[in-house]
Each structure stands twice: as structure tokens, then as C-alpha cells.
Amino acid sequence: MNKCYLRFPEVFWSADADWLEYVPARHGEWTEWVSFKQAANMPILLGFNASDRGRAIEAWSDEQTVASAMQTLRKIYGVSIPEPIDYQITRWASDPFSLGSYSYNPVGAVPKIRQELAAPLEKSLFFAGEASNNDYFGTAHGAYLSGLRAAQEILEI
Ligand SMILES: Cc1cc2nc3c(=O)[nH]c(=O)nc-3n(C[C@H](O)[C@H](O)[C@H](O)COP(=O)(O)OP(=O)(O)OC[C@H]3O[C@@H](n4cnc5c(N)ncnc54)[C@H](O)[C@@H]3O)c2cc1C
């Protein structure tokens with residue numbers, strides 16, 4: 001799951017929309033956009049690419065990624081929209097300290113797997129992180145709750 005933030009000189013999309021959805025010709029490419037106009041009063045659009053498409057786009061240069069995003073935005077909003085003045089791109093799968101965006105349940109996974117991941121080693125090594133939370137894995141609140149759980153385990157030694 002990767003993000004590409006594009007900062008524009010001005011807002012050219014509907015200022016009152018937070019989420020913009022697009023059905024592309026190429027499955028999953030730039031389907032989902034978030035506007036930062038209402039939330040942060042900034043002319044920034046954030047485009048997502050997930051799964052296979054997200055991995056494929058990680059291999060592209062920054063310039064190719066921005067050009068591809070702009071191609072989609074020009075299909076939606078017309079050719080006269082401005083070029084972005086700045087951008088920020090994530091490549092979570094290639095980041096050696098992340099190796100992906102967040103955990104998921106592969107076929108055959110059972111809740112016990114996450115409980116095992118969360119289990120402390122010999123009352124001296126404790127584990128937190130979204131993947132160790134059974135109910136809200138893959139989320140920020142799951143990560144937060146896992147931290148509270150690990151802290152509680154330490155207090156109970
Ligand atoms: C594109 C995207 C969109 C998301 N959207 C949402 C959303 O809308 N809502 C939501 O709730 N959640 C969302 N999430 C998920 C959420 O961000 C994660 O679940 C959460 O940040 C996980 O927190 P964590 O503390 O478990 O792990 P992380 O935040 O990944 O922290 C792990 C840390 O450990 C460091 N690390 C790794 N290896 C080592 C090492 N060997 N030595 C030292 N440090 C190391 C990493 O650099 C990192 O800083 C999204 C994630 C992504 C990628």
C-alpha cells in the first residue's frame with residue numbers, strides 16, 4: 001500500500017470532497033485519492049496504489065510515478081490542470097525497515113498466529129506492533145493498543 005502526495009499551486013478539484021474515487025482502465029491504478037483541502041487547508045492530493053499495482057509502481061522513478069499520477073488526474077480533471085510543485089512518494093515494500101505496509105491474514109491464517117507473535121520470551125522480551133493485535137491489526141489504533149498490552153505485561157512481571 002503506497003502513497004504519492006502531490007502539492008499543487010491551487011485546488012482544482014471539488015474543495016468540499018475528502019475522498020475522490022476513480023475507476024481506471026488499468027485495474028487498481030490510482031483508484032483512490034484523498035484531498036487535504038478540508039483537513040489541512042492545503043492544495044495537496046494523495047493517491048494510493050495497493051497490492052500488485054503498489055509493488056509494480058515502487059520500481060518506477062519519482063518522475064515516472066508523478067507523470068503516471070498526473071496522467072490519471074488529467075483524465076479526471078482535464079489537460080489544463082497545473083503541474084505539482086512538490087511531491088512525496090512511499091515505497092514501503094522496498095524499505096528494508098518496513099518490507100511492506102502492514103500485516104495481513106494469508107489463506108489459512110488463524111487468530112492463534114497473532115497471539116503467538118505477541119507472546120513474550122522468557123519474561124524478558126516483549127512484543128508490540130499492529131501485527132500482534134488480534135482485533136485491529138493493520139491499523140494505528142491496533143498498534144497503540146498492542147503497546148498498552150505489552151506495557152501491562154511488563155508491569156505484571
Ligand atoms: C499507506 C498506508 C496507509 C495506512 N492507512 C491507515 C489508516 O487509514 N488507518 C489506520 O489505522 N492505519 C493505517 N495504516 C496502518 C498503520 O500505519 C500501521 O498499522 C501502524 O503504523 C503500525 O504501527 P507499528 O508501531 O506496529 O509499526 P511501524 O509504525 O511500522 O513501526 C515499526 C518501526 O520499527 C522500525 N524498525 C523495523 N525494523 C527495525 C530494526 N531492525 N531495528 C530498529 N527499528 C526497526 C521501523 O523503521 C518503524 O519505525 C496505513 C499504513 C500504510 C502503509
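Just so you know, all these numbers are worked out from the coordinates, no wet-lab data involved. Please read these numbers as outputs of a predicted model, since none were measured by experiment. When we count neighbours, we look across all protein chains shown, and the Cβ atoms used for this are built from the backbone with ideal geometry, even at glycine.
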Nearest-0.05 FRET efficiency for Ala59 and Asn105, computed from C-beta distance (R0 22 Å)
0.25
Where does the chain land at 222 nm, in deg cm²/dmol rounded to the nearest 500, when only DSSP H runs of n ≥ 4 count, each adding -39500 (n - 2.57), divided by all residues?
-10000 deg cm²/dmol
Within segment 74-108, find all residues whose amide N lies under 14 Å from a label point positioned 7 Å from the Cα of Leu46 along Cα-to-beta-carbon.
88-91
What is the local net charge at Trp13, summed over the other residues whose Cβ is closer than 14 Å to its Cβ (Lys, Arg +1; Asp, Glu -1)?
-1
Cβ neighbours within 10 Å, averaged per peptide: list 50-62, 88-100 in order, most packed at the top.
50-62, 88-100
Report the label-to-label distance for Leu148 and Phe127 in nanometres (one decimal), using points 7 Å from each Cα along the Cα→Cβ vector.
2.1 nm
